[in-house]
1. With the crude spin-label approximation of a point 7 Å out along Cα→Cβ, what separation in nm comes out for Ser95 versus His70?
2. In whole Hz, what ³J(HN,Hα) sequence does the stretch 177-188 give by Karplus (6.51, -1.76, 1.60; θ = phi - 60°), x for Gly and Pro?
3. Which of these values of log10 I(q)/I(0) by the Debye sum over Cα atoms at q = 0.11 Å⁻¹ was calculated from the structure shown: (1) -0.51; (2) -0.67; (3) -0.58?
4. Through the Karplus equation 6.51 cos²θ - 1.76 cosθ + 1.60, θ set to phi - 60°, convert the phi angles of the stretch 133-139 into ³J(HN,Hα) values in whole Hz; use x for Gly and Pro.
5. Would you kindly derive the ³J(HN,Hα) couplings of the stretch 57-67 from the backbone phi angles with the Karplus curve 6.51 cos²θ - 1.76 cosθ + 1.60 (θ = phi - 60°), listing them in order in whole Hz, with x for Gly and Pro?
6. Just the Cα atoms of the stretch 76-172, one point each, no solvent: what log10 I(q)/I(0) does Debye give at q = 0.11, 0.13, 0.14, 0.24 Å⁻¹?
7. Please give the charge dipole size of the chain, origin at the Cα centre, charges +1 on K and R Cβ atoms and -1 on D and E Cβ atoms. Round to the nearest 20 debye.
8. Please give the per residue accessible area of the stretch 88-136, computed with a probe of 1.4 Å over protein heavy atoms only, in Å².
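The values are calculated or read from the model by the stated rules, or taken from the named source; none is laboratory data. Given the structure is predicted, the values throughout are model-derived calculations rather than measurements. As a convention, Cβ positions derive from the backbone with ideal geometry for all residues, glycine included, and neighbour counts pool all protein chains shown. For accessibility, only protein heavy atoms count, side chains too; no ligands or nucleic acids. Shrake-Rupley method; radii C 1.70, N 1.55, O 1.52, S 1.80 Å.
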Amino acid sequence: MEKETGRIEAFSDGVFAIAITLLVLELHIPETSEGDNPIYFLNALKMQWPGYIAFIISFFSIFIIWVNHHKIFKQIYKRNTGLMFANGFILFLVSLVSYPSALLAKFFLTDSKQLSVTIYTGLFVLINLAFNLLWQQATLDKKLLRPGISDAAIRQLRNNYLYGFPTYLAAFAVSFFYPDLALSICVLLWVFWAASSKKINFTETPAM
């Protein structure tokens, strides 16, 4: 079967590349009147540690989103309008990641820490919903999928993203009270997705 999704994947890769590059723009050169003094300079760098954490978390979150997006499109050979719009929704949300990441960097050490984490985790609730929508659109008509993909693999991919939704929702709810824990939940879920994606068997099991 000829693969029809080449342009969708190329466009998506471009959006992911731009989104992940934009994150570095939030790493600013520290402003200090004692710039010639290495001690003051080092202290100024240390004061920006929330920005470094926000960059690392956001970079790897987008990277893992891209990995999962790539794995999904390895299984999608044909396209329809619903699939293209579902993919567009993911790209729209991914392009927004740099904004809550910047909020996290700027307000993490202030009284607005909780709100910045809530906005950040809320975005990933939406991204997970978008992934569920994409896979749902792809599996409504199995003719869109790669020949030979197993029903078990279809279910496992669906379950991976369905499990993610209540977890992200829990992180969002927890962020109102324990923002540090909420971020930790997000990180653990990305580790789970990275590990679980290696275990999926995409081929049909031979009939006994």
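1. Computed distance between label sites Ser95 and His70 equals 2.2 nm.
2. Result, rounded to whole Hz: 10, 10, x, 4, 5, 4, 5, 5, 4, 4, 4, 5.
3. (3)
4. 5, 4, 5, 5, 5, 5, 9
5. Working through the residues one at a time gives 4, 5, 4, 6, 5, 5, 4, 5, 4, 5, 4 Hz.
6. For the requested q values the scattering log ratios are -0.42, -0.55, -0.61, -1.18.
7. Using Cβ point charges on Lys, Arg, Asp and Glu, the chain gives about 920 debye.
8. 40
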